[in-house]
1. Taking residue 128 as meeting all but one of (1) at pLDDT below 95; (2) surrounded by 12 or more Cβ atoms within 10 Å (Cβ to Cβ); (3) under 20 Å from residue 66 (Cα atoms); (4) in contact with a helix residue (DSSP H, G or I) (Cβ under 9 Å, 6 or more places away or on another chain), write down the number of the exception.
2. Every residue in the range 84-105 that is out of contact with any helix residue (DSSP H, G or I) (no Cβ under 6 Å at 6 or more places or on another chain), in a helix (DSSP H, G or I) and at pLDDT below 95, please.
C-alpha cells in the first residue's frame, strides 16, 4: 500500500491521470480506475502511431532493428519499473489498477515525446 501511495503522489506531480479524472471521472474507485486506464490507452495508441511513423521513415535495416530493439528494452524497463513503483497486483488493493495505469501512462508519455522528437527532426539529421 505504501508503494501505491508514493506512486500516486509522483504521478499527480507529473500530471498523469489528474486531468481526465478531475473533468470526467466519478468519485468511485472503479470510475477512477477506468479513467486512468482510458488515459493510458490513449497514450499507448499515440505511442504506437509514433513508433510506426518513425519505423516507416528509417532507411536502413540496421536502424530499424536498432529502434525495434530499443523499443523492446524500453517496454521491459517500463514494466519492471512500474512493478517496482506500484507493486504486484496480488499484494495490493483496489487502488492498484489506478496506480498501475498511471505509472504506465507516465512512462508512455515520456516515450511518446522521445519518438515524436525523432519524427519531428528528420530534416535536421536525426536518426534515419
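The values are calculated or read from the model by the stated rules, or taken from the named source; none is laboratory data. A quick note: this is a predicted structure, and the numbers were derived from the prediction, not measured. Glycine also receives a Cβ, built like all others from the backbone with ideal geometry; neighbour counts cover every protein chain displayed.
1. With respect to (1) at pLDDT below 95; (2) surrounded by 12 or more Cβ atoms within 10 Å (Cβ to Cβ); (3) under 20 Å from residue 66 (Cα atoms); (4) in contact with a helix residue (DSSP H, G or I) (Cβ under 9 Å, 6 or more places away or on another chain), residue 128 is out only on (2).
2. Hits for the range 84-105 are 90, 91.
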